[in-house]
1. Which is touching a residue at least 60 places away in the same chain (Cβ under 8 Å) and either closer than 30 Å to residue B:109 by Cα or not in a helix (DSSP H, G or I) (or both), of A:213, A:240, A:192?
2. When you check residue B:151 against the structure, is it away from chain A (no Cβ under 12 Å) and within 30 Å of residue B:42 (Cβ to Cβ), yes or no?
3. Can you work out which of the residues in region A:63-72 that are loosely packed, with under 13 Cβ neighbours inside 10 Å and part of a helix (DSSP H, G or I) is farthest from the other protein chains (Cβ to nearest Cβ)?
4. Which residues, counting only those in region A:1-28, are within 11 Å of chain B (Cβ to nearest Cβ) and out of contact with any strand residue (DSSP E or B) (no Cβ under 9 Å at 6 or more places or on another chain)?
5. Could you check residue A:86 against (1) under 30 Å from residue B:23 (Cα atoms); (2) part of a helix (DSSP H, G or I) and say which number it fails?
6. Does at least one position in region A:44-53 carry a residue that is touching a residue at least 24 places away in the same chain (Cβ under 8 Å), closer than 30 Å to residue A:145 by Cβ and within 14 Å of chain B (Cβ to nearest Cβ)?
7. Specify which of the listed residues (B:109, B:78, B:124, B:133) is in contact with a helix residue (DSSP H, G or I) (Cβ under 6 Å, 6 or more places away or on another chain), at the interface with another protein chain (Cβ under 9 Å from one of its Cβ atoms) and surrounded by fewer than 17 Cβ atoms within 10 Å (Cβ to Cβ).
8. Scan region B:9-36 for residues that are over 17 Å from residue A:5 (Cβ atoms), modelled with pLDDT of 85 or more and surrounded by 11 or more Cβ atoms within 10 Å (Cβ to Cβ) and jot them down.
């Protein structure tokens, strides 16, 4: 099929790059490039705003007291922000649930969550004891509440599994995928996921953990399995601590 | 019998009535002004690419400096029992910046972005010690910030104009 140059109206071969009569670039190619560039700029802006926003809020959070009430406020605030960013870019919602649930995968994810929790609890408490001579624990924050364990599970396991996954394996992953491709999306989202946990020492396990979650997100193009691992992992850590294993 | 004409720039075949090469836009049968215009366009793009390369190289140099500083400081701290944990922190930071540097070589945009975010986080995290420390060495921090931001912009320009030059077959 022949095409026509929009500048000089001369007839051109199909999918031409430059007009053979006036030398101008094919306007269709030009428009396509501009579209890609606009998309790229928009995604980079979203990503930068989200990153800056969450880093500043996390710093403020780290400076406030760690009482139960304040923790609840921060959890709700971060959940709202993650939801707002996810609403602005609606492309991630259909990635929450996979098209078909595979029972063997669900079982595998739960197992991975438990194993990583045991390994991490054990190694982190050892490293912290050696380096800082103290161990970080979650439960004391919930001890004064009416139902310590359910609240701890809700705040430490359910909320992060839902909203961190929505943010990092949803929003951040999608944006980086548009900017730089799938491989970069896996690496980049895991890196940012590691950074927002605010501990240089913990990076040694959070980044590989994030890489794994992002890999599953990419492989099954769904956030559900990541959410499952994240929930099982965090819940197991709480349970291990509650029953005094580490 | 039609004689086929080969473009002198990209070696693709031209039809008899073609003035410009439909593959790379070179005015094969154009006059001097058109040929000059073509070369000017190529030069303009090549200049942008060279400039972007320079700015990306600046980021790499900056990363080498940051890695060196963190590694030296980390090793120095390790020898003192009181600052041992800080030393580990510095060494981990050096390691992460090294990872970013490798990433810059493979994918400039993502590598620079990662290093930039990590660097900002490190700068801001001094508020846990003393908020006033943010303003310490503010001039140097400003320079670092400018290098990073220019690096991010250049990484995209580099990709974009390199692709255009490749299309014009003028690399």
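1. Numbers: A:213 fails: touching a residue at least 60 places away in the same chain (Cβ under 8 Å); A:240 fails: either closer than 30 Å to residue B:109 by Cα or not in a helix (DSSP H, G or I) (or both).
A:192 is the lone residue from the list that is touching a residue at least 60 places away in the same chain (Cβ under 8 Å) and either closer than 30 Å to residue B:109 by Cα or not in a helix (DSSP H, G or I) (or both).
2. The answer is yes for residue B:151.
3. It comes out as A:69.
4. A:8, A:22, A:23
5. Every listed condition holds for residue A:86 apart from (1).
6. Checked against the condition, which is being touching a residue at least 24 places away in the same chain (Cβ under 8 Å), closer than 30 Å to residue A:145 by Cβ and within 14 Å of chain B (Cβ to nearest Cβ), region A:44-53 yields at least one hit.
7. Criteria check complete, one pass: B:124.
8. B:35, B:36
The values are calculated or read from the model by the stated rules, or taken from the named source; none is laboratory data. These figures come from a predicted structure and were not determined experimentally. For neighbour counting, all protein chains shown are included, and Cβ atoms are generated from backbone atoms with ideal geometry for every residue, glycine included.
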